[in-house]
Amino acid sequence: MIEISHLNKVWRSGARTVTALDDVSLRIAAGSIFGIIGRSGAGKSTLLRTLNLLERPTSGSIRMDGQEITTLPHAELLKLRQQTGMIFQHFNLLAAKTVFDNIAWPLKATGLIRDAGARRARVLELLDLVGLSEHADKYPAQLSGGQKQRVGIARALASRPKLLLCDEATSALDPETTQSILALLADINRTLGLTIILITHEMQVIRDLCDEVAVIEQGRIIEQGSVADIFLHPRHDVTRALVAQSDPLLATILNPSRLGVTLPGLLVHLTYSGETTWQPILSQICACSPAQISILQGEVSMLKDTPYGQLLLGIQGEAADVAQIFNILDEHQVFHEIIPARTHAAPPAEASEDTENSEAHHA
Amino acid sequence: MLEALQQVYWPEILQGTWDTILMTLLPLFFTVVLGLPLGILLFITSKDKPLAQPRFYAVTALIVNLLRSMPFIILLIILIPLSRAIAGTSLGVRGAIVPLTVAATPFFARLVENVLRELDRGILEACQSMGIRLPQIIVGALLPEALPGILAAITVTGVTLISYTAMAGAVGAGGLGDIAIRYGYQRFETTVLIVSVVFLVILVNIMEWAGQRLVRHFTHW
């Protein structure tokens, strides 16, 4: 369990001060995969670096398994860092060392495994884990980006850490390689019971890998919760913008003109997850209501292990019919929201002025 | 042309060449021994680096810059007492070692500092994130990563030293530069001047060629 409370980081250069972290508090459960998402410059990288004190917080506390780490003496800090793996966007491998030595040297330099034979065995085991056994004698320059990140992961895991910090670990990789690295991280999390904290600006990474997510903007945590919750019900406009990156449906909701047609009737956004996903709700609605329903856009998929569905419906009918439909939806705990048909960028502040057109039911 | 070459006193040219080689390689050795740690020190005490010491860095950098901006011919004269104290003489090859080392060390240290600075800062960060002690990071990661750059810096410093030896010749150090000045300039023996310069050019090229080969050998990217 990692407890971050009231963490602040202020940069001072001359008379100018920049607040990189502003009263950040988070609890991260052991064994979970926790994502921190934000736009570039939001402070996510600084936040991640405070967790192994590559960045010293100005004030606040970080407790790992009850132990305060911000006040550790140097020798203890080295030990903490040895027990905390970290992987990087640009891999940060040693170009002058082979793949084997990139993993073996830190074990030697930290004194974690002094015996050369034991070290060799450990490195080979790690290379096998990340699927690079036949590349042991190559230099990083001879590897692809995905292979380099696998070396980075093997190196980070060498000391058998309990925590792995991922700094935009897939941002420099193509989508296919990203998927394979994410699968590897998920596998490591499952098999080794390792806590993973990752930062990214890509919602897709959060969707595919994380259990919990925090959204950071200008050094503040603006939203936090389970991935399904944040993804399906983003409240803050920054979160909505981030979700819309990986979700065409939300992108349409933020800008209905993307549909390319203007329909008579209401534009209604349905969101459901878990068991509800498999219920025949639409057919129930059609059976009880004379209203005309068209599916304009939709997706039924998984958020890591949670099934979910989202539909954008066009509904034409009498007010009573629509109310009846909403009742059925409420019964099944389907979140529904009427989307104002006119085009707007949908910042919540503006949206709240359109209360006649839009009503939101939080399940 | 052949006749002119016959007039050149070849044993003296060969002796001069040997002296120049000694005056290059010995100070180069001492320069690396002194300048490498100095360059590393400049790097790690500079801003945002693990041992950032702004005041120490400023003072060291100032001394380095002072020595670098001093014309070598002046430095030669100023360092006569120091050379006598350390090397026992200010004359000959022996007398040239101290001033050449003093002139080349700050130059080389700056080059080393820049080579380290141009390494990806992520390397240092990655090593720190693994809980490795700074001396280990420097010896085990930064220097091996910087090796091609450091070899190139040694080559550049060696070439600079060859040209400095010519000036050292002016105050009695011997070597090809001395021959070029005494015979070529003062006695108008143009052939000797040209021959010494050709030998110097050859030395510089051998140095560059060897340096480049080493750099290539140790570059894995």
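The values are calculated or read from the model by the stated rules, or taken from the named source; none is laboratory data. Since the model is a prediction, treat every value here as computed from it, not as a measurement. FYI the Cβ positions are ideal-geometry reconstructions off the backbone, even for glycines, and counts take in every protein chain you see. The area values use the complete protein model at the heavy-atom level, side chains included, leaving out ligands, DNA and RNA. Shrake-Rupley method; radii C 1.70, N 1.55, O 1.52, S 1.80 Å.
Mind checking which residues of segment A:242-272 are among the small types (Gly, Ala, Ser) and open to solvent by less than 40 Å² (accessible area, probe 1.4 Å)? Those that are among the small types (Gly, Ala, Ser) and open to solvent by less than 40 Å² (accessible area, probe 1.4 Å): A:Ala244, A:Ser246, A:Ala251. When segment B:83-132 is filtered for residues that are open to solvent by 40 Å² or more (accessible area, probe 1.4 Å) and either under 18 Å from B:Thr20 (Cβ atoms) or touching a residue at least 40 places away in the same chain (Cβ under 8 Å) (or both), the ones remaining, listed by number, are B:Leu91, B:Arg94, B:Phe107, B:Leu111, B:Arg117, B:Gln128. Limited to segment A:299-342, what total is found for residues that are among the hydrophobic types (A, V, I, L, M, F, W, C), in a helix (DSSP H, G or I) and in contact with a Pro (Cβ under 7 Å, 6 or more places away or on another chain)? Of the residues in segment A:299-342, 0 are among the hydrophobic types (A, V, I, L, M, F, W, C), in a helix (DSSP H, G or I) and in contact with a Pro (Cβ under 7 Å, 6 or more places away or on another chain).
Can you say whether B:Pro135 is more than 7 Å from chain A (Cβ to nearest Cβ) and open to solvent by 30 Å² or more (accessible area, probe 1.4 Å), as far as the supplied structure shows?
Details: more than 7 Å from chain A (Cβ to nearest Cβ): yes; open to solvent by 30 Å² or more (accessible area, probe 1.4 Å): yes.
It is true that B:Pro135 is more than 7 Å from chain A (Cβ to nearest Cβ) and open to solvent by 30 Å² or more (accessible area, probe 1.4 Å).
Please list, ordered by first then second residue, the pairs with beta carbon atoms under 7 Å, 6 or more apart or interchain, first in segment A:50-69 and touching a residue at least 60 places away in the same chain (Cβ under 8 Å), second open to solvent by 40 Å² or more (accessible area, probe 1.4 Å) and of a type outside the set (Phe, Trp, Tyr). Close Cβ pairs (under 7 Å, with a partner that is open to solvent by 40 Å² or more (accessible area, probe 1.4 Å) and of a type outside the set (Phe, Trp, Tyr)) amount to A:Arg63/A:Glu3; A:Asp65/A:Met1.
Restrict the check to segment A:4-16 and report whether at least one residue is in contact with a strand residue (DSSP E or B) (Cβ under 6 Å, 6 or more places away or on another chain), in contact (Cβ under 8 Å) with a residue 60 or more places away in the chain and open to solvent by 40 Å² or more (accessible area, probe 1.4 Å). Before the answer, list the steps.
Looking only at segment A:4-16, we keep the residues that are in contact with a strand residue (DSSP E or B) (Cβ under 6 Å, 6 or more places away or on another chain), and these are A:4-11.
Now drop any that are not in contact (Cβ under 8 Å) with a residue 60 or more places away in the chain, which leaves A:9.
Right, trim to open to solvent by 40 Å² or more (accessible area, probe 1.4 Å) and you get none.
No: segment A:4-16 contains no residue that is in contact with a strand residue (DSSP E or B) (Cβ under 6 Å, 6 or more places away or on another chain), in contact (Cβ under 8 Å) with a residue 60 or more places away in the chain and open to solvent by 40 Å² or more (accessible area, probe 1.4 Å).
Out of curiosity, is B:Val33 in a helix (DSSP H, G or I), without any contact (Cβ under 8 Å) to a residue 60 or more places away in the chain, under 27 Å from B:Leu142 (Cα atoms) and open to solvent by less than 80 Å² (accessible area, probe 1.4 Å)? For B:Val33, the condition - in a helix (DSSP H, G or I), without any contact (Cβ under 8 Å) to a residue 60 or more places away in the chain, under 27 Å from B:Leu142 (Cα atoms) and open to solvent by less than 80 Å² (accessible area, probe 1.4 Å) - is met. Within segment A:273-312, the set of residues being among the aliphatic types (A, V, I, L, M) and either out of contact with any His (no Cβ under 8 Å at 6 or more places or on another chain) or open to solvent by 70 Å² or more (accessible area, probe 1.4 Å) (or both) comprises A:Leu282, A:Ile285, A:Ala287, A:Ala291, A:Ile293, A:Ile295, A:Leu296, A:Val300, A:Met302, A:Leu303.
So for segment A:95-116 (the condition being assigned to a loop (DSSP other than H, G, I, E, B), under 24 Å from A:Asp208 (Cβ atoms) and in the same structural domain as A:His135 (by TED's automatic domain parsing)), does at least one residue qualify? Outline the logic, then answer.
We begin by selecting, within segment A:95-116, every residue assigned to a loop (DSSP other than H, G, I, E, B); these are A:95-98, A:110-115.
If we keep only those that are under 24 Å from A:Asp208 (Cβ atoms) too, we end up with none.
The answer is no; no qualifying residue exists.
Tell me, which residue of segment A:62-112 that is within 27 Å of A:His201 (Cα to Cα) and of a type in the set (D, E, K, R) is farthest from the other protein chains (Cβ to nearest Cβ)? Selected residue: A:Arg63.
Scanning segment A:59-75 for residues that are surrounded by 13 or more Cβ atoms within 10 Å (Cβ to Cβ) and charged (D, E, K, R) yields a single hit, A:Arg63.
Residue count for segment A:152-168, restricted to those that are within 21 Å of A:Lys97 (Cβ to Cβ) and open to solvent by less than 10 Å² (accessible area, probe 1.4 Å): 6.
Just a yes or no: is a residue in segment B:106-125 touching a strand residue (DSSP E or B) at 6+ places or on another chain (Cβ under 7 Å), at negative phi and small (Gly, Ala, Ser)? Steps first, answer last, please.
Let us first name the residues in segment B:106-125 that are touching a strand residue (DSSP E or B) at 6+ places or on another chain (Cβ under 7 Å), namely B:122.
Then drop every residue that is not at negative phi, which leaves B:122.
Imposing the further condition that a residue be small (Gly, Ala, Ser) reduces the set to B:122.
Yes, segment B:106-125 contains a residue that is touching a strand residue (DSSP E or B) at 6+ places or on another chain (Cβ under 7 Å), at negative phi and small (Gly, Ala, Ser).
Taking segment B:47-66 on its own, how many of its residues are surrounded by 15 or more Cβ atoms within 10 Å (Cβ to Cβ) and closer than 12 Å to B:Arg110 by Cβ? Can you show your working first?
From segment B:47-66, those surrounded by 15 or more Cβ atoms within 10 Å (Cβ to Cβ) are B:49, B:53, B:57, B:60-61, B:64; that's our starting set.
Remaining after also requiring closer than 12 Å to B:Arg110 by Cβ: B:60-61, B:64.
Total meeting the criteria: 3.
Can you confirm whether A:Arg160 is over 17 Å from the mean Cα position of the chain (by Cα), of a type in the set (Lys, Arg) and on the phi > 0 side of the Ramachandran plot? Before the answer, list the steps.
On the way: over 17 Å from the mean Cα position of the chain (by Cα): yes; of a type in the set (Lys, Arg): yes; on the phi > 0 side of the Ramachandran plot: yes.
Criteria met by A:Arg160.
Would you check if there is a residue in segment A:36-58 being more than 14 Å from chain B (Cβ to nearest Cβ), open to solvent by 30 Å² or more (accessible area, probe 1.4 Å) and either modelled with pLDDT of 95 or more or in contact with a Lys or Arg (Cβ under 9 Å, 6 or more places away or on another chain) (or both)? Yes, some residue in segment A:36-58 is more than 14 Å from chain B (Cβ to nearest Cβ), open to solvent by 30 Å² or more (accessible area, probe 1.4 Å) and either modelled with pLDDT of 95 or more or in contact with a Lys or Arg (Cβ under 9 Å, 6 or more places away or on another chain) (or both). Among the residues making up segment B:149-185, those that are at positive phi and buried (at least 19 other Cβ atoms within 10 Å of the Cβ) are B:Gly174, B:Gly175. When each of B:Ala104, B:Ala146, B:Ala126 is tested for being touching a Leu at 6+ places or on another chain (Cβ under 7 Å) and within 11 Å of another protein chain (Cβ to nearest Cβ), the lone residue that passes is B:Ala146. Just so you know, in segment A:136-151 the residues that are within 14 Å of chain B (Cβ to nearest Cβ) and farther than 19 Å from A:Ala183 by Cβ include one that is most open to solvent (accessible area, probe 1.4 Å), and it is A:Asp137. Within segment B:200-221, the set of residues being away from chain A (no Cβ under 14 Å), under 16 Å from B:Ile150 (Cα atoms) and touching a residue at least 24 places away in the same chain (Cβ under 8 Å) comprises B:Met207, B:Glu208, B:Ala210, B:Gly211, B:Gln212.
I'm trying to understand the selection: among the residues of segment A:127-164, which are among the hydrophobic types (A, V, I, L, M, F, W, C) and closer than 15 Å to A:Leu194 by Cα?
Initial filter on segment A:127-164 (among the hydrophobic types (A, V, I, L, M, F, W, C)): A:127, A:129-130, A:132, A:136, A:141, A:143, A:151, A:153-154, A:156-158, A:163-164.
Within segment A:127-164, A:Leu129, A:Ile153, A:Ala154, A:Ala156, A:Leu157, A:Ala158, A:Leu163, A:Leu164 meet the criteria.
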